[in-house]
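Below: one structure, written as structure tokens.
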Amino acid sequence: MKLADIFRPEHTFIGVSVSTKWRALQSLAEKAGKAFGVEEKTIVQALERRENLGSTGLGNGIAVPHAAIAGMTSPRGLLVRFAQPLDFQAIDDLPTDIAFMLLFAESNRGEYLNVLAAIARRLQSDGVVVSMREAKNVDEFYSSFIEDSRP
């Protein structure tokens, strides 16, 4: 699995201005609905249901909101840096400034575990998170994440 197939440059955003985790989920759902041709309401409800089970804030300022969506045939995602860090109720209580939103097929809920593992491996690479935070534009932000993860 290639992260560049799931997270595309055209689905990457920086400076997303939201004030709460719930507003962030709505904003992500709106962007994903347009990007992937899925009804925004379906996405936001699925993301909220998942978030109510426990926060997808991983810590270190990173969140991976995710949900199974009917009609998805392969995992797809958005890569986002928020204008201001926000409380995502992460285990370390640090505010979240970077989110990887992931949608996947209902028929293969386990599929997202492979993607989560790939994201985690990439974020553990030296300097990736710092580079993402220091990126001055969308291209730099995207490249900071994808650059060395291509096979």
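The set of residues in the stretch 97-133 being touching a residue at least 12 places away in the same chain (Cβ under 8 Å), farther than 19 Å from Ala32 by Cα and of a type in the set (Ser, Thr, Tyr) consists of Ser125, Ser131. When the stretch 60-115 is limited to residues that are basic (Lys, Arg) and under 16 Å from the mean Cα position of the chain (by Cα), the one that is nearest to Trp22 (Cα to Cα) turns out to be Arg81. Here Asp97 meets each of (1) within 22 Å of Asn137 (Cβ to Cβ); (2) of a type in the set (Asp, Glu); (3) modelled with pLDDT under 95 with one exception, condition (3). The set of residues in the stretch 36-45 that are in contact (Cβ under 8 Å) with a residue 24 or more places away in the chain and either crowded, with 20+ Cβ neighbours inside 10 Å or in contact with a His (Cβ under 7 Å, 6 or more places away or on another chain) (or both) contains only Ile43.
Matching residues to (1) within 17 Å of Phe88 (Cβ to Cβ); (2) exposed (fewer than 13 other Cβ atoms within 10 Å of the Cβ):
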position: Ser17; (1), (2): yes, yes
position: Thr20; (1), (2): yes, yes
position: Lys34; (1), (2): no, yes
position: Leu47; (1), (2): yes, no
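For the stretch 60-81, the set of residues classified as open to solvent by 10 Å² or more (accessible area, probe 1.4 Å) and not in a loop (DSSP other than H, G, I, E, B) consists of His66, Ala68, Arg76, Arg81, listed by residue number. Can you pull out the residues in the stretch 5-19 that are out of contact with any Lys or Arg (no Cβ under 8 Å at 6 or more places or on another chain) and closer than 18 Å to Leu86 by Cα? Passing the criteria: Ser17, Val18, Ser19. When Gln84, Gln89 are screened for being open to solvent by 20 Å² or more (accessible area, probe 1.4 Å) and in contact with a Lys or Arg (Cβ under 8 Å, 6 or more places away or on another chain), only Gln89 passes. On the stretch given as the stretch 82-96, residues that are part of a strand (DSSP E or B) and not polar (S, T, N, Q) total 4.
The values are calculated or read from the model by the stated rules, or taken from the named source; none is laboratory data. Since the structure is predicted, the reported quantities are computational estimates derived from the model, not experimental observations. Note: ideal-geometry Cβ built from the backbone for every residue, glycine included; neighbour counts use all protein chains shown. Please note that ligands, DNA and RNA were not included when accessible areas were found on the heavy atoms of the full protein model with its side chains. Shrake-Rupley method; radii C 1.70, N 1.55, O 1.52, S 1.80 Å.
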